[in-house]
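As structure tokens, the structure follows; a few thoughts come after it.
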Amino acid sequence: MNKQLAEFIGTFALVFFGCGAAVVGGMGSGATAVDLLGIASAFG
């Protein structure tokens, strides 16, 4: 059960932060914009 829970949490974090960075990256420009490096770092 612990392995399944760890897999769920890891997958959730990857999808949440990675896709969240991609969405924020497409929203704007300026000092708060996330560029390609930021999106790659979120997935990495």
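To the nearest ten degrees, helix 2-25 and the longest principal axis of the Cα atoms of the chain are 10 degrees apart. Out of these labelled values of Rg/Rh (Cα atoms, Kirkwood Rh), (1) 0.91; (2) 1.00; (3) 1.16, which was calculated from the coordinates shown here? Read-out taken from this structure: (3). Computed with every protein chain present, the accessible area of residue 41 is close to 80 Å² [probe 1.4 Å].
The values are calculated or read from the model by the stated rules, or taken from the named source; none is laboratory data. What you see is a predicted model, and the numbers here were worked out from it, not measured in a lab. Remember, those area values only see protein heavy atoms, side chains included, never the ligands or the DNA or RNA. Shrake-Rupley method; radii C 1.70, N 1.55, O 1.52, S 1.80 Å.
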